[in-house]
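> Just dropping this structure here.
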């Protein structure tokens, strides 16, 4: 059942024993691992990322207990981590500029059910896609970014005010602006960039 499905997401310095510790913890709690992805940035001294999807009957009533139980393991390995319920749909904030194809694909995929998330709002640095978004019933917010609009810092402050508490993930759907390091740090590991060609080989002529 979707209500019994959870995800444990971990990042930390790579070292032996991480997968074993996570797997043993879930097994001891009666959970069944149904999917697992892992990646290390380097063979030695890399950063390790792990995403485990599991099923546990009555998960909604056990999340707090799982978090308390996993905390010592997380401390031992210096993990950044979280446990989330799959039944709680992510809320997306989509950032756009002038081109509509990435945005339209996301809207269609959401309607068909292939994107298992809710589109909470669309933020554009141009007004050109406001009419495209309107029939879908999704709020559109125009936040111009210099030279005629607000400064980059002011525009990002307005964007952050809009999305804080309203979205869980930012999707850059061919958003032709470079986010500041401060903005990225505020939403670390919660930003997905859709680029219109393979990088770095096909960046295009002066794409920004």
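> Can you tell me the FRET efficiency between residue 127 and residue 84 if r is taken as the Cβ-Cβ distance and R0 is 41 Å, rounded to the nearest 0.05?
Taking R0 as 41 Å, the efficiency between residue 127 and residue 84 is 0.70.
> Separate question: Take peptides 42-50, 90-98 and line them up by average Cβ neighbours within 10 Å, highest first, as a rough protection proxy.
90-98, 42-50
> Still on this structure: Over region 90-194, what is the relative contact order in whole percent, taking alpha-carbon pairs under 8 Å and six or more residues apart?
On the way: 161 pairs, mean separation 35.1, N = 105.
Across region 90-194, relative contact order equals 33 percent.
> Mind checking the log10 I(q)/I(0) for region 90-194 at q = 0.15, 0.20, 0.24 Å⁻¹? Debye, one equal scatterer per Cα, no solvent, two decimals.
Values returned for q = 0.15, 0.20, 0.24 Å⁻¹ are -0.56, -1.03, -1.51.
> Could you tell me which of rounded, prolate or oblate describes region 44-85, using a ≥ b ≥ c as the square roots of the eigenvalues of the alpha-carbon gyration tensor, with rounded for a/c under 1.5 and, failing that, prolate when a/b is larger than b/c and oblate otherwise?
Oblate is the answer for region 44-85, as a/c is 1.5 or above yet b/c matches or exceeds a/b.
> Sticking with this structure for a sec: Percent relative contact order of region 37-140, based on C-alpha pairs within less than 8 angstrom and at least six residues apart? Numbers along the way, then the final one.
Working: 91 pairs, mean separation 19.8, N = 104.
It rounds to 19 percent for region 37-140.
> Tell me the label-point distance for the pair residue 32, residue 193, using the 7 Å Cα-to-Cβ offset, in nm and rounded to one decimal.
For the pair residue 32/residue 193, the computed spacing is 4.0 nm.
> How high is the relative contact order of the chain? Use alpha-carbon pairs under 8 Å, at least six apart in sequence, and give a whole percent. Let's see the in-between values first.
Values: 315 pairs, mean separation 38.1, N = 208.
That works out to 18 percent.
> Taking 0.36 nm per intervening residue step and subtracting the Cα-Cα distance, what contour gain separates residue 61 from residue 134 on full extension? Numbers along the way, then the final one.
On the way: separation 73, 0.36 × 73 = 26.28 nm, distance 3.87 nm.
Here the segment from residue 61 to residue 134 would lengthen by 22.4 nm.
> Would you kindly calculate the mean projected area, averaged across all directions, of the convex hull enclosing the Cα atoms of region 51-145, in square nanometres?
Working: hull surface 35.6 nm².
Quarter of the Cα hull surface area: 8.9 nm².
> Cα extents of region 2-85 along the three principal axes, largest first, in whole Å?
Principal extents (largest minus smallest coordinate, Cα): 39, 23, 18 Å.
> With everything on Cα atoms, drop me the angle between helix 101-112 and the longest principal axis of the chain, reported from 0 to 90° to the nearest 10.
Roughly 50 degrees between the two axes.
> With angles folded into 0 to 90 degrees, how steeply does helix 152-163 sit against the dominant principal axis of the chain? Use alpha carbons for both and round to 10.
60 degrees
> With only alpha-carbon pairs counted, each pair once and no self-pairs, how large is the Kirkwood hydrodynamic radius of region 4-52 in angstroms?
11.4 Å
> How far is it, in nm, from the label point at residue 104 to the one at residue 118 when both lie 7 Å from their Cα along the line to the Cβ?
Between residue 104 and residue 118, the label points sit 2.7 nm apart.
> Hey, got the Cα dimensions of the chain along the principal axes, in Å, largest first?
If we take the Cα atoms of the chain, the spans are 58, 39, 30 Å.
> Okay, helix-only estimate at 222 nm for the chain: each DSSP H run of n ≥ 4 adds -39500 (n - 2.57), divide by all residues, round to 500 deg cm²/dmol; what do you get? If you can, show how the numbers build up before the last one.
Working: 6 runs with 60 residues, N = 208.
That calculation yields -8500 deg cm²/dmol at 222 nm.
> In degrees from 0 to 90, rounded to the nearest 10, what is the angle of the helix 18-28 Cα long axis to the longest principal axis of the chain?
70 degrees
> For a test of the definition: using alpha carbon positions, the gyration tensor, and the 1.5 limit on a/c, classify region 91-150 as rounded, prolate or oblate.
prolate
Rule-based calculations on the coordinates, nothing more; no lab input. Here the structure is a predicted model, which is why all the values come from computation and not from measurement. Ideal geometry is used to build each Cβ from the backbone, glycine not excepted, and the neighbour counts take in all protein chains shown.
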